Amino acid sequence: MAKLGPTPDAISTILACPDPSGSVERPDIVIQVLDLGPRGITYKFTASDGKMKLKGMFSSQLASQITSGNIQNLGLVRILDYAVNEIPGMSENYVLVKQCEVVSPALETEINNEVKSEVKSGEVGIILKPKQEMLSKSASQIVHEQNGNMAPAARMAMTRRVHPLVSLNPYQGNWTIKVRVTNKGTMRTYKNARGEGCVFNVELTDEEGTQIQATMFNEAAKKFFDKFELGKVYYISKGSLRVANKQFKTVQNDYEMTLNENSEVEEAINEAAFVPETKFNFVPVDMLGPHVNGKELVDVIGVVQSVSPTMSIRRKSDNESIPKRDITIADETKKTVVVSLWGELATSVGQELLDIADQSPIVAIKSLKVGDFQGVSLSTLSRSTVVVNPELPEAKRLRSWYDSEGKGASLASVGNGMSPLAKSGARSMYSDRVSLSHISDDPSLGEDKPVFFSVKAFISSIRPDQALWYRACKTCNKKVTEAIGSGYWCEGCQKNDEECSLRYILVARATDASGEAYLSLFNEEAERVIGCSADELDKLKSQEGEENPYQLKLKQATWVPHLFRVSVSQNEYNNEKRKRITARAVAPVDFAAESKLLLEEISKMKASQ
């Protein structure tokens, strides 16, 4: 019976064809793995055919086969795809094995009958002088004889050399990648000192799950915008890489890609689409607080509770009207959050959600910005992706929860009743704590853009004769006016309703040990301070008695300690700049956390003495 062994002259074959991408029919290459050992996240080894040896490395995607024991030291593997590269600073090459299949587990010994070896000058492999010829059949012959097996389809279809994204760097020359478009941005225009232009981005994912952002400008943007379709797989070559700008990067990769008008993009048609679909990293709704006003974008999944009509919002920068639609979603944490869909998402996916809102659809949304409107809110960006009723394990689990108990559960907004630490993170409520005098005594605060602080203060007075609320649309919360005849007209929704609601908008005087200042409070923050809704307070105002229940309610709201998250900005009124302090979040004092903060401040004072 013939012995298992490597393909004769396998190393010479590899060195003679360092780039096999152009070969339609590839020779059978079986080598023995020697000196297998870890190197970072991958494994190095020595490839041997019994006559010659060559240093090698397995790609990171094969690491699991090594740790599971499929690929073993002294074992035989058939190389399906590889690349020969130079070792920097040395006149020696190594082979990077990208795809392979196991022919045999570990043999008893190294296949080597040589008595000595010598390295010839100018050669790239180690040449061994054989003492006697070793009889062995190639592994492919034995497999064919014993099982009649054919080579895998992946090997047959391999007509080009594909690089994994993790192997790319700015100093490489020619490369080809096979990737799926997992996110596609909109075409945007820009204007700078060099002129006007257009730009758009795509997020690409390869079979290992590695992602990279690719950007196209002007002619390249026009050439490839219609070419790239979300979810399809492409071969891409002739692009360039550079170090990613952390301020704008949307994926976990140290590099970003630029494609120009000479880049090549070819759709992978009639091939197995093994590249992963859009990858999500979901954040539970009740854990959104630490991400408020942060640079990091989040992904969420939830059951749609309500969908608003489309509103038209005028953008301040260019006075352009942009469609907007708000949806409210909930998840297993029994918390809800409002997601604002902007632009095309508001009119396309938003309309689809409105049509099926009574079915409580599930949405998975990628790349959302977390803001502090109403405590915690989410907004889509140009790169955001919305998937309705996705085929995901998380969606199935969420549907099961909602149908069994979530539908009848009591749900609360994530911004309501949240502790300071959970709502805006430790930095928001404690690390940047200031006194009211710090805000009121500095005339330059908020000149260029709003600044944010946290203060601990008491509401010392609320003037009862001021307009404490306004009439609001029940759908979009915008101000309504009395319609001709009856009802109320909403300009935002462009409709007439028989009823409206009251929403707070008031000014209160806040006081702490350093001084006092006037705070503007909107509906949610005012409700937490006063302890009831504007509709309820309006009913108290209409009641008569010896003790006015309306004024009594306002009095009860004073001299209660609160933690405020405030924004400070400057507005111009009658050619005079005025400082405006607005409460963005209100929470009760957590006395344990407050005591800990005071102890830390005392320790700092002692250390500085």
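The values are calculated or read from the model by the stated rules, or taken from the named source; none is laboratory data. None of these values were measured; they are calculated from a predicted model. Don't worry about glycine lacking a Cβ; one is built from the backbone with ideal geometry, like all the others, and counts go over all protein chains shown. Ligands, DNA and RNA are excluded from the accessible area calculation, which covers all protein heavy atoms including side chains. Shrake-Rupley method; radii C 1.70, N 1.55, O 1.52, S 1.80 Å.
If you go through the range 308-356 and keep only what is of a type in the set (K, R) and either under 22 Å from D403 (Cα atoms) or within 25 Å of the chain's Cα centre (by Cα) (or both), you end up with K324, R325, K334, K335.
Restricting attention to the range 204-228, which residues are acidic (D, E) and either modelled with pLDDT under 90 or within 18 Å of T176 (Cβ to Cβ) (or both)?
We begin by selecting, within the range 204-228, every residue acidic (D, E); these are 206-208, 219, 226.
Hits for the range 204-228 are D206, E207, E208.
Taking K55, is it at pLDDT 85 or above and touching a His at 6+ places or on another chain (Cβ under 9 Å)? No, not satisfied.
Give the residues of the range 512-527 that are of a type in the set (S, T, Y) and either open to solvent by 30 Å² or more (accessible area, probe 1.4 Å) or touching a His at 6+ places or on another chain (Cβ under 9 Å) (or both), sorted by residue number. Within the range 512-527, S514, Y518 qualify. For the range 552-573, filtered to residues that are among the hydrophobic types (A, V, I, L, M, F, W, C), under 20 Å from E536 (Cβ atoms) and surrounded by fewer than 16 Cβ atoms within 10 Å (Cβ to Cβ), the residue that is modelled with the lowest pLDDT is L552. Among residues that are touching a residue at least 40 places away in the same chain (Cβ under 8 Å), of a type in the set (D, E, K, R) and at negative phi, E547 is not included.
Do we have V292 as modelled with pLDDT of 90 or more and closer than 26 Å to S340 by Cβ here? Break it down into steps so the answer makes sense when it comes.
Numbers: modelled with pLDDT of 90 or more: no; closer than 26 Å to S340 by Cβ: yes.
Taking the combined requirement at face value, the residue does not satisfy it.
Within the range 594-609, work out how many residues are farther than 19 Å from A457 by Cα and not aliphatic (A, V, I, L, M). Of the residues in that region, 6 qualify.
T481 passes every criterion in (1) under 35 Å from the mean Cα position of the chain (by Cα); (2) assigned to a strand (DSSP E or B) apart from (1).
Scanning the range 472-502 for residues being open to solvent by 100 Å² or more (accessible area, probe 1.4 Å) and among the basic types (K, R) gives a total of 2. Screening S608 on (1) of a type in the set (S, T, N, Q); (2) surrounded by 13 or more Cβ atoms within 10 Å (Cβ to Cβ); (3) over 37 Å from the mean Cα position of the chain (by Cα) shows it passes everything except condition (2).
Within the range 441-471, if we keep just the residues that are open to solvent by less than 30 Å² (accessible area, probe 1.4 Å) and among the polar types (S, T, N, Q), the residue that is farthest from L540 (Cα to Cα) turns out to be S454. Taken together, L598, L563, L537 contain a single residue that is in contact (Cβ under 8 Å) with a residue 12 or more places away in the chain and out of contact with any helix residue (DSSP H, G or I) (no Cβ under 6 Å at 6 or more places or on another chain), which is L537. The residues in the range 444-474 that are under 30 Å from Q494 (Cβ atoms) and in contact with a Ser or Thr (Cβ under 6 Å, 6 or more places away or on another chain) can be counted, and the count is 2.
Name every residue in the range 360-389 that is assigned to a loop (DSSP other than H, G, I, E, B) and surrounded by fewer than 17 Cβ atoms within 10 Å (Cβ to Cβ), in order of residue number. S360, F373, N389 - these are the residues of the range 360-389 that are assigned to a loop (DSSP other than H, G, I, E, B) and surrounded by fewer than 17 Cβ atoms within 10 Å (Cβ to Cβ). Restricting attention to the range 583-605, the residues being among the β-branched types (V, I, T) and surrounded by fewer than 17 Cβ atoms within 10 Å (Cβ to Cβ) number 2.
Residues in the range 459-477 that are assigned to a loop (DSSP other than H, G, I, E, B) and without any contact (Cβ under 8 Å) to a residue 60 or more places away in the chain: R463, D465, Q466, A467, C473, K474, N477. When we screen G37, G56, G50 for residues that are open to solvent by less than 40 Å² (accessible area, probe 1.4 Å) and not in a strand (DSSP E or B), the only hit is G50. Considering Q61, Q72, the condition of being part of a loop (DSSP other than H, G, I, E, B), in contact with a Pro (Cβ under 9 Å, 6 or more places away or on another chain), modelled with pLDDT under 90 and not charged (D, E, K, R) is satisfied by Q72 alone.
Only one residue in I31, I66, I14 is modelled with pLDDT of 90 or more, outside any loop (DSSP other than H, G, I, E, B) and of a type in the set (V, I, T), so which one is that?
Numbers: I66 fails: modelled with pLDDT of 90 or more; I14 fails: modelled with pLDDT of 90 or more.
The conditions single out I31.
Scanning the range 528-537 for residues that are open to solvent by 70 Å² or more (accessible area, probe 1.4 Å) and closer than 18 Å to A467 by Cα turns up at least one hit. Just give me the residues in the range 85-105 being in a strand (DSSP E or B) and modelled with pLDDT under 85, in sequence order. Result: N85, E86, N93, Y94.
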